[in-house]
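This report concerns only the one structure given below.
Please treat every number below as a calculation from the coordinates, not as lab data. Note that this is a predicted model, so its numbers are computed, not measured. Please note: Cβ atoms are built from the backbone with ideal geometry, for glycine as well, and neighbour counts cover all protein chains shown.
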Amino acid sequence: MTSEFGQVALVLCFAIVPIIGIVLGLNAPGLRSRGPVLVGVVAGIIPILAMYIPKGFVSGPEGMGPRLDNWLIILAGFALLLGIVNVLQNNFKKIARRDSGWFFSVVLLIGLFVTGGFGVYGALSKVGIGFNPDGSPTPFKYMTDWFFQPLQSTIFALLAFFMASAAFRAFRARNVEATILLVAAGLVMLGRVPILEFLAVPFPFLHAAASSGSQALGKLTEWIMDVPNGAAQSGIIIGAALGAASMAIRVILGIERGYLGLGKGE
Amino acid sequence: MRGFLERLLRMDRRWIFLFVLLSVAIPIVVPLGLPVTTTESTRKAFEFIEAMKPGDTVLISFDYGPSSAPENDPMAEAVMRQCAIKKLRFVVIALYPLGGLNLANNVVAKIAAEFPDLKYGVDYVNLGYKDGASAVMRRMGDDIAGAFPTDEAGTPLSQIPLMKGIASLRQVQLVFTAATGIIGEWWITQVHPQAGTPIIIGPTAVSAPKYYAFLNSGQLEGMLGGMKGAAEYEKLMRAAHPEMERFYASTRAFTATKGMDGQTVMHTVVLLFILLGNLAFFLSQKKAVR
């Protein structure tokens, strides 16, 4: 069997079978979910087979596995398009109804169209979205450098203010668990920065003691991060991976159908 | 004392905001020059790249956006400078949709200006951005050109001298990902087991705890945890390559070492607030019991 077989098999599974499913589904609503489930089953099985079957039509450069990866990249692009359509629908609705804060939707849509427009212009003019041939920034780059980047940084920077305020108001040693958390967090905060050296700045005679104290705190912090934190993180990661694997098996076997978005009885 | 603490509990939060603003802004304007101690995870990352041979290839992935740029930018710059000085070739990509490419372009332009001898296409190449991070990584594990048929300027990979002999990530000696969110983890879980390429990660401080599990299991060669990790890397760079001093001694440029001054003062202020908050809480509890 050659790569062409893999190509034909993919077209059969992801094009012909779904089309047949859709046609059948029009007349028999009970069959509506069968096609997508079949597509989900095949899409789930192929990458697993590609890991274990060293045959060209499955795992070769032009086999089903790598081809599916390529399709996934294209699908991710369409997901972005879906997001844009969703943003447009919601915000146009909000403006039409004059809901509270509708003016922000206008700003959002202007931002979307102007930035997107510059991006499309960059693609059509073949200049791209980085620099013009003379080294000057393209309009898209100007937008990202002087609008998008500062805005994103500002929004994220606001977290520091709210985090400090929340820590002051809510980080209390109310019970044993909260006290353990508080002590561990305090130690890590102390150990991650040269806080003792900072506090000892006005007292030169304390510099040596502050330095050795800071190093000891640093080692304690590393131990907390490495041992208790590392062990807990391993447990969480393994648990999540087992959960994801069991969910994948449910999808592959057609048991989990929530992703189809169908109503009851379909 | 009790009255003061009770008033403190009812304090307008705008006072806290003011303290935060001052504790971050003053050390950036007037650097304190506080010392930085290095940790094992950063040393391992630094030593791994130091031990690489001239001509080896490093893939540098920009998996972060402007929100975490003050943490991640210094990491990417330091690793790229180390590549330039060690004569390692580097391939730049961006997988983060919210501004990853722009940050990559800016850092590449900065490093290219700092090292005028670097030749585009020979010593380094910028492949640009591709959507669908985990699928892109899987594809690159088998065929880089399958995921990135051209570089950022539209030149086919087959016409780029650096990419000759680098068909997949198996021919890349190291992947360095400066990452926020889940994308960094995918390099470890998707690429390392399949292609076997060593991974070094530079995550934000908030996501660094997760990666200790991967460090302990040997799936990561090293880690630059947050701004502290970046500052540690800068210290190691300055110690090993004194010629790097010119990039870090400037009083105008932002470096992670400078950022750590602000972070130190900020940690002190937050710890102080937590301490005072708890003191006031205990005193109010005691009063309620009476």
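Helices in chain A, meaning DSSP H runs of at least 4 residues, each add -39500 (n - 2.57). Divided by all residues, the mean residue ellipticity at 222 nm is -23500 deg cm²/dmol. Close amide H partners of B:V92, meaning residues 5 or more places away or on another chain with modelled amide H under 5 Å apart, are B:I60, B:V125, B:N126, B:L127. With N as its number of residues, region B:1-62 has a Cα radius of gyration that, divided by 2.2 N^0.38 Å, comes to 2.13.
3J(HN,Hα) along region B:21-28, derived from phi through the Karplus expression 6.51 cos²θ - 1.76 cosθ + 1.60 where θ = phi - 60°, amounts to 4, 5, 5, 8, 6, 4, x, 6 Hz, with x in place of Gly and Pro. Placing a label point 7 Å from the Cα of B:F48 along the Cα-to-Cβ direction, the residues of region B:216-257 with a backbone N closer than 13 Å are B:216-225.
The ranking of B:Y248, A:Y121 from fewest to most other beta carbons within 10 Å of each one's beta carbon is A:Y121, B:Y248. Here's how it looks for B:A178: its modeled amide H is under 5 Å from those of B:S61, B:D63, B:G202, which are all 5 or more places away or on a different chain. In plain terms, if you count all Cα to Cα distances in region B:164-290 and split them into 10 Å steps from zero, the share in each step is 11, 27, 25, 20, 10, 5, 2, 0 percent.
Across region B:277-285, coupling constants 3J(HN,Hα) worked out from phi with the 6.51/-1.76/1.60 Karplus curve, θ = phi - 60°, read x, 5, 4, 5, 5, 5, 5, 5, 5 Hz, and Gly and Pro carry x. In a reduced charge model with +1 at each Lys and Arg Cβ and -1 at each Asp and Glu Cβ, region B:40-250 shows a dipole moment near 260 debye about its Cα centre. When shorter helices are ignored and each DSSP H run of at least 4 residues is given -39500 (n - 2.57), the per-residue value for chain B at 222 nm works out to -16000 deg cm²/dmol.
Dipole of region B:184-256 computed with +1 at Lys/Arg Cβ and -1 at Asp/Glu Cβ about the Cα centre; of B:I188, B:P198, B:T255, farthest Cα towards the positive end is B:T255. Computed from point charges on the beta carbon alone (+1 for Lys and Arg, -1 for Asp and Glu), the dipole magnitude for chain A about its Cα centre is near 860 Debye. Amide H to amide H distances under 5 Å link B:G222 with B:I201, where only residues 5 or more positions off or on other chains count and H is placed in the peptide plane. Packing here is the average count of other Cβ atoms within 10 Å per residue, and on that basis the peptides A:44-54, B:87-97, B:36-46, highest first, run B:87-97, B:36-46, A:44-54. For the segment A:68-77, counting C-beta atoms of other chains within 10 Å of every residue's C-beta and taking the mean gives 6. Only Cα pairs under 8 Å and at least 6 apart count here; give the relative contact order of region A:171-252 as a rounded whole percent. Normalised by residue count, the contact order of region A:171-252 is 24 percent.
Only bridges with both residues in the protein assembly as shown count here: give the DSSP antiparallel percent, nearest 5. Each step should come with its number before you reach the end.
Values: 2 of 27 bridges.
Approximately 5 percent, going by the DSSP bridge assignments.
Here the contact order of region B:40-250, divided by its residue count and restricted to Cα pairs under 8 Å and six or more residues apart, works out to 26 percent.
Counting charges near B:G55 (Lys, Arg +1; Asp, Glu -1) among other residues having Cβ under 13 Å from its Cβ returns a value of +3.
Taking a ≥ b ≥ c as the square roots of the eigenvalues of the alpha-carbon gyration tensor, region B:24-100 is classed oblate because a/c is 1.5 or more while a/b is no larger than b/c. Estimated translational diffusion coefficient (Stokes-Einstein, Kirkwood radius over Cα pairs, 10 °C, 1.306 mPa s) of the protein assembly as shown: 60 µm² per second.
Measuring nothing but alpha carbons in region B:221-290 and taking Rh as the Kirkwood radius, the Rg to Rh ratio lands at 1.32.
Each Cα pair under 8 Å and six or more residues apart adds its separation to the average, and for region A:1-95 the resulting relative contact order is 28 percent. Oblate is the label for region A:1-95, because a/c, from the alpha-carbon gyration tensor with a ≥ b ≥ c as root eigenvalues, is 1.5 or above and a/b does not exceed b/c. Residue by residue, region B:101-113 carries 3J(HN,Hα) couplings of 5, 4, 5, 4, 4, 5, 5, 4, 4, 5, 5, 4, 6 Hz when phi is fed to the Karplus relation 6.51 cos²θ - 1.76 cosθ + 1.60 (θ = phi - 60°); x denotes Gly or Pro.
Per-residue shielding of B:14-26, expressed as the average number of other chain Cβ atoms within 10 Å of the residue Cβ, stands at 3. Go through B:K44/B:K258; B:K44/B:K87; A:K126/B:K44; B:K87/B:K258; A:K219/B:K87; B:K210/B:K287 and tell me which ones have a Cα-Cα distance over 31 Å in this structure. In this structure, A:K126/B:K44; A:K219/B:K87; B:K210/B:K287 exceed 31 Å between Cα atoms. The overall shape of region B:40-250, judged from the alpha-carbon gyration tensor, is rounded, with an a/c ratio under 1.5. Projecting the Cα atoms of A:V39, A:S246, A:A96 onto the charge dipole of chain A, computed from C-beta unit charges around the Cα centre, puts A:A96 farthest toward the positive end.
Here the residues A:M64, B:M52, B:M266, ranked from fewest to most Cβ neighbours within 10 Å of their Cβ, fall in the order B:M52, B:M266, A:M64.
Taking the charge dipole of region A:121-196 about its Cα centre, with +1 at Lys and Arg Cβ atoms and -1 at Asp and Glu Cβ atoms, the residue from A:L159, A:Q149, A:G128 reaching farthest to the positive side is A:L159.
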